[in-house]
Every structure is written in structure tokens, then in C-alpha cells.
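Below: one structure, written as C-alpha cells.
Bear in mind these aren't lab numbers, they're just calculated from the coordinates by the rules spelled out. Since the model is a prediction, treat every value here as computed from it, not as a measurement. We place every Cβ from the backbone using ideal geometry, glycine too, and count neighbours over all the protein chains shown.
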Amino acid sequence: MERLDLPEADARRLMELGFVPGHRVVFANRSPFGDPRVYQVDGAEVALRRDTALHIVLRAVDAAATDRQR
Amino acid sequence: MSAAGCRDAPTVVADPSKRRLVALVGPPNCGKSTLFNHLTGMRQKVANYPGVTVEKRTGVARLPGGSEVELVDLPGVYSMAPQSEDERISHDVLLGKADGLRRPDGVVIILDSTNLGRHLAAAAPIIGLGMPVLVALNMADDLKQRGGSVDPVELSKRLGAPTALMSARTGEGIEPLVEFLEGSLGLPAPVELPVIQDVPQCRAWASEIGARAGYRAPAPPIWTRRFDRVFLHPVAGPLIFMAVVVAVFQTIFTAAVPLMDAVQEAVAISGGWIEQTMPESMLRSLLIEGVWGGVGSVVVFLPQILLLFLFIGVLEDSGYLARAALIADRTMARAGLQGKSFIPLLSAYACAVPAILAARTIENQRDRTATILIAPFMTCSARLPVYTLIIAAFIPERPVLGQVMGTRAATMIGLYVLGFVAALATAKLLKSSILKSRGTPFMLELPPYRLPTLRGLGLRLLDRAKVFLRRAGTIILGTTVVLWMLASVPLQDGAPPPIEDSFAGVLGRTIEPLVEPLGFNWKIGIGLITSLAAREVIVGTLGTIYGMEDDEESLQAALQRDLSFGGAVALLVFFAFAMQCMSTVAVVRRETAGWKWPALQFAYMTSVAWICAFLAKQLLPG
């Protein structure tokens with residue numbers, strides 16, 4: 001994960017949930033209707049809506065663990 | 001019930017002011033409440049902090065040595081940066097700045113040991129306060145089972161504070177915690193802590209400390225993954241979701257019946273006994289018609305309400321509720337609501353008051369107001385007695401889905417859906433007009449699935465039973481006694497008048513033109529007025545009024561005589577929509593700081609209720 005393009009308060013919450021730059025984000029699951037999706041990050045599973053996830057800038061590590069990028 | 005032999009210890013009645021006060025803090029999902037329940041058992045008290053509406057949970061733990069410690073369970077917080085009201089309270093309590101509570105003598109930080117990296121980062125700022133502190137590494141059984149490990153002694157050195165690798169569910173490894181509570185509450189040794197406002201730095205510090213203490217993160221919870229593949233499956237997921245809902249309501253309707261019959265029987269027998277032993281008098285009439293007829297007809301619903309809360313408890317404690325939130329999110333999004341509104345709305349199924357308080361966690365002011373305004377549409381447990389009474393009297397029981405569900409459970413589900421749809425439609429209306437806003441993002445942590453404990457469920461039910469019986473003993477008793485008096489005066493020739501000529505009867509007949517188009521007579525009109533105090537009061541009111549008219553006839557039979565089918569449906573619809581609850585009005589006024597919103601809300605909900613009930617009455621036969 002590289003950075004969060006979100007207002008400070010939102011970014012802070014995400015960081016507290018484990019979305020800290022440098023951490024690995026792995027797509028884990030999707031909800032029945034496709035959105036929100038569940039991500040595995042820092043030992044926890046967190047569900048985010050697509051519009052939030054789009055503001056998390058990722059860098060691909062390897063094909064299997066890559067998720068959608070901006 | 002294995003609280004480390006606490007109960008066998010001799011009880012020392014200590015001066016409460018000399019008791020130590022210890023705060024329990026920790027991030028959400030760390031098992032803090034389980035530990036609190038484990039330590040305090042039934043010696044708990046729930047109140048509010050003065051001036052704000054965050055719940056204050058305190059309790060007394062009796063320790064094996066015979067001493068007692070007062071514990072305060074602080075709201076679950078991710079950080080000490082006070083962003084929401086909950087966090088501000090935790091922050092203020094720990095600094096001794098909160099009103100109504102002195103500064104704690106010590107702190108127990110509870111962390112989930114299966115997720116230590118992230119949770120240690122949350123602990124750093126609290127350790128940094130320099131108070132006597134113990135770090136409880138909870139869920140040690142889970143950690144071990146999934147192949148993780150940590151050296152608590154080494155970690156203790158790194159943190160400068162004692163640690164306990166323990167399980168709040170089983171009580172295993174709790175001894176260092178008990179020692180800490182009994183002991184001298186030593187100050188933490190000075191250690192280097194990160195800058196507390198900087199999350200990435202805290203997290204890096206936590207990784208380093210964890211690594212030095214030999215922390216090996218456990219394997220991902222395999223079973224949770226497997227369950228989620230089923231519960232979040234595009235086809236199976238929603239089907240299971242619906243099956244769960246159907247099962248819950250069907251059980252509430254069928255399994256509760258023998259228990260409700262038993263309570264009914266007990267009320268009838270004790271009432272008959274009073275009737276036989278007491279001489280004929282006004283007091284006897286008050287007891288039998290007012291108290292037994294009124295309160296008794298409400299208390300009958302206790303088993304049903306407890307059963308509902310048992311299900312909610314199982315769903316919440318097992319972790320399924322978070323998945324349900326995920327499944328429901330798309331629907332919420334369509335109404336312009338964000339995920340954070342889901343939890344308050346869900347707790348509104350129990351009661352709108354705590355739901356409105358829970359809306360405090362929504363930082364966006366407009367989203368919060370919208371959530372507060374729609375919460376009372378959700379079917380709270382006070383509607384359950386009204387629904388059950390009417391449904392049992394007017395809906396014949398026939399199977400709908402083979403043997404799975406009957407017409408009565410289906411009607412009940414329909415009413416729940418009706419409330420939910422009304423809430424969403426209102427949200428859509430508000431969010432596209434006066435409360436437009438850019439939402440804050442939806443973030444929901446999915447906890448691993450866990451088996452609920454009997455103890456946790458038991459304490460929940462006990463709590464709900466207390467709340468329900470307290471209402472029965474105060475609001476419901478009060479209104480039924482007042483109603484009985486209004487129905488017994490003015491005396492005619494020293495005897496109570498026919499009920500139509502009593503003050504209550506006159507009042508009822510005055511408002512009759514307002515409710516007559518809905519198919520209600522003046523007696524139900526009085527019930528609508530008294531139910532403003534609390535919805536279930538209408539059951540007690542009708543119990544009293546019909547009891548005064550005719551002792552023999554059951555309430556159900558009397559209603560079948562007085563209401564047409566269309567009128568019965570109108571009554572159900574009215575209760576689904578109307579804001580018949582003064583506590584809710586009061587709490588909305590306090591939360592929105594003024595009369596504007598509660599007045600608007602009350603007028604809106606009552607109009608919707610009246611119009612929809614009118615349509616139901618006019619469109620249905622009979």
C-alpha cells in the first residue's frame with residue numbers, strides 16, 4: 001500500500017484499521033452483491049465500499065496478491 | 001460461572017469510597033465486555049455520563065483475597081485522538097476530567113492477542129499516560145490454536161508494564177490480572193514510546209516491540225474464511241440471511257407460546273386469588289382491573305421479548321451480524337445512507353433510545369441527524385406486544401411455506417419489513433432534500449466467527465428482563481393506575497360510573513372523530529393516547545378498560561368484537577409508523593439540541609401513520 005487520498009479524519013480511521021502505508025492489502029472476499037468488498041490487512045478483515053477503496057493507492061506486489069488499483 | 005473462585009471468598013463489605021477504581025479500555029472486538037462480565041458477573045450498573053449520552057458501565061469485582069475493586073468499562077476505542085464522543089469520554093475518564101467519575105487508580109488495557117501488531121499500536125498512547133497499567137493479551141486460546149505465540153514476560157519488559165496472556169471466555173491465565181487488581185498498582189517503568197498522534201509510527205513501534213517479544217502472528221482463521229465463503233456467497237448468502245430472519249420470527253411465535261401461557265396462567269391465578277381473599281372495595285378493584293389487568297397483560301410478553309434478544313445476542317456474539325451488515329449495505333447505499341448508520345438502525349430493533357445514542361459515532365452531522373430521524377421507524381421490542389396481541393386475535397394460523405412458516409410469523413416479518421422500508425424511504429427523502437451531504441466512507445471490521453458463551457448471553461437476557469420489568473413497574477403501572485382512576489370517576493351515587501361516562505370515557509369519545517375513520521372506537525382511542533407514554537401501554541390500557549367492563553371476556557375476544565379486520569390491520573399499520581414514545585422524543589430533543597427535529601419527526605411520523613392506517617382501513621374488506 002502506498003498512500004491514502006482521503007480527508008485526514010477518514011485516512012486516520014483507515015490507518016487505525018490497518019491501512020498503513022507499507023502494509024500489504026489482499027482482496028479476501030466480496031459481499032453477495034459485489035460491493036462492498038472485504039480486504040485482508042494487518043491481520044484483520046475490513047469491508048470497504050468501492051468508492052472508498054478507490055482512494056487507497058496500492059502498488060502491485062505479485063499477481064496473486066494484487067488488488068484493484070487506482 | 002468460573003470466576004476464579006470469586007464467589008466462595010468471604011465477602012468484605014468495604015467502604016465503597018475506599019474501593020479502587022480500575023478502567024478497562026481497548027479497541028473494538030478485543031473481548032473487553034467478556035472480561036468485564038467475567039469479573040463482575042451480575043454486579044453491574046449501567047448509567048450515562050452526566051451531560052453526554054455515552055453509556056457508563058460500572059461493576060464491582062470481588063477478588064479471591066476478599067477485597068473488592070470497582071471497574072469501569074470504557075467505550076471501545078481505536079485511538080486516544082478524541083474524534084468521536086465515545087473516544088472523548090474514554091480520554092476524559094483516563095485523565096480524570098470526566099464529570100461523575102473520579103480518575104481511575106489503574107488501567108487494564110485489553111488487546112486481542114491474535115491481532116497484536118495493530119492492537120499494540122492502539123495501546124501505546126494509553127501506556128503513555130503514565131498511570132498504573134496492565135496489558136491483558138486476550139484470546140490466548142485462539143492464538144495458540146491457530147499456531148501463534150508471544151512471550152508475555154519479554155513483552156512486559158518492553159512495555160514496562162505487567163502483562164497477562166489470558167482468555168476472558170474461559171478465565172484461563174487471568175491470575176496476573178487478579179494480582180494486578182489486588183496488588184499495589186505499580187507505575188509503569190519508563191520506556192520509549194512513539195509519538196502518539198502518528199499512526200504509522202505507533203504501528204512501526206508495535207511491530208518492533210512484538211518482534212522482540214517473539215510474537216508470531218497466528219494463521220488466518222481458516223473457519224472464518226470457510227464460513228464467509230458460504231455466508232457471503234452471491235446466491236447462498238442472501239438466502240441464508242432470509243432463512244435466519246424467518247427462523248427467528250417463527251421461533252418467536254411458536255416457541256414462546258408455552259412460556260407465555262405459563263405467565264398468563266400465573267397472572268390469572270394470582271388475580272383470582274386476590275379477588276377471593278380481599279373484600280369488595282375500591283382497592284380490590286384497583287388491584288385487579290388496574291394492576292393485574294393492565295400490567296399483567298403486558299408482562300405476558302416477557303418470554304417473547306427475551307427470546308428475540310436471545311437471537312440478537314447469538315447473532316451478534318457469533319460475528320454473523322457484521323456479515324448481515326455487509327449484505328444489507330447495498331440497500332442502505334441506495335437510500336443514501338452510509339454503513340455507519342447500520343449499527344444504530346440495527347439496535348433500534350431493540351429500542352430507538354439506545355439507537356439514537358449510538359448515532360453519536362457518526363461524525364458527519366447531517367448523516368447523524370438523518371439516522372436519528374429514521375431510527376424510530378425500525379420495529380422496536382415495545383411494538384412486539386401490540387403486534388402479537390392483534391395478530392393472534394385476527395390472523396388465523398395457516399402454513400405459508402410448507403411447514404416452515406405460518407401466516408402469523410409472515411405477518412410479523414411483513415411488519416418488520418414495513419418499518420424498515422419506511423425508514424429507508426424517509427432517509428432517501430431527507431438525504432435528497434434537507435440533509436444532503438457527502439458521506440464519510442464505510443469501514444467495517446469483520447471479526448472472526450466465535451461461539452457465543454452461555455454466560456454472555458445469560459447476562460444480556462438478565463439485563464433486558466430488568467429493563468422490561470422496570471418499565472412494567474414504572475411507566476406501565478403508573479399510566480394504568482392513572483387510567484383506572486380516570487375511568488372510575490366521577491362517582492355516581494357513590495359507585496363508579498358506567499365507563500362511557502367516566503372522565504376516561506368522555507376523553508375517549510372527544511377524540512373518537514379523529515380515530516373513527518381508521519376503524520377504531522373510543523376505547524382504542526384512549527389506548528392510542530396512553531401509548532404515547534410507551535407503545536406497549538396500549539395493551540395494558542385495553543386490558544384495564546375491557547376488564548372494567550367485563551371480567552370474564554378475554555382481551556382477544558373483546559377486540560375481535562370491537563374491531564373489523566380492516567381496523568385491526570389499520571391498528572398494526574398505525575403502530576408500525578407512529579412515534580408513540582415520549583422517551584424517544586425526549587432523547588431526540590437532547591441529541592439534536594432543540595425542539596425543531598423532534599417536533600418535525602413526531603408530526604411526520606404521526607401523519608404517515610394516520611394516512612397509511614386510513615388507507616388500510618378503507619381498502620380492506622370488513
Give the aspartates and glutamates reachable from B:K157 as a straight Cα distance under 14 Å; neighbours fewer than 8 places away on the same chain don't count. B:E192, B:E208
Using a Cα-Cα cut-off of under 12 Å, which aspartates and glutamates could be cross-linked to B:K523, ignoring same-chain neighbours fewer than 8 residues away? B:E500, B:E512, B:E549, B:D562
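Of all GluC sites (Glu not before Pro) in segment B:221-328, which ones are in loop regions per DSSP and have a Cβ with at most 12 other Cβ atoms within 10 Å?
On the way: sites: B:E265, B:E275, B:E280, B:E289, B:E316; in loops: B:E280.
Within segment B:221-328, the qualifying GluC sites (Glu not before Pro) (loop, at most 12 other Cβ atoms within 10 Å) are B:E280.
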Between B:L129 and B:T407, how many nm apart are label points set 7 Å from Cα along the C-beta direction? 5.9
Could you calculate the FRET efficiency of B:Q556 with B:R212 from 1/(1 + (r/R0)^6), where r is the beta carbon distance between them and R0 is 60 Å, rounded to 0.05? 0.30
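Pop the C-beta distance of B:Q201 and B:S67 into the FRET formula with R0 = 41 Å and round what comes out to the nearest 0.05.
Working: r = 40 Å, r/R0 = 0.97.
The formula returns an efficiency of 0.55 here.
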Before anything else, pin down the relative contact order of chain B: Cα pairs under 8 Å, at least 6 apart, normalised by residue count, whole percent. 11
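Hey, which of these cross-link pairs are over 26 Å Cα-Cα: B:K431/B:K596; B:K428/B:K466; B:K45/B:K97? Display every interim value, and only then the final one.
Details: B:K431/B:K596 18 Å; B:K428/B:K466 37 Å; B:K45/B:K97 21 Å.
The answer is B:K428/B:K466.
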Added length on full extension, which subtracts the Cα-Cα distance from 0.36 nm per residue, B:L95 to B:L491: 136.3 nm
Give, in nm to one decimal, the length gained when the segment between B:T606 and B:K157 is fully stretched (0.36 nm per residue of separation minus the Cα-Cα distance). 155.4 nm
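Of all trypsin sites (Lys or Arg not before Pro) in segment B:363-437, which ones are in loop regions per DSSP and have a Cβ with at most 16 other Cβ atoms within 10 Å? Working shown, then result.
On the way: sites: B:R366, B:R368, B:R383, B:R408, B:K428, B:K431, B:K436; in loops: B:K436.
Answer in residue order: B:K436.
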Considering the zone a paramagnetic label at B:K428 would reach in this model (a point 7 Å from Cα along the Cα-to-Cβ line), which residues of segment B:376-408 have amide N under 18 Å from it? B:377-378
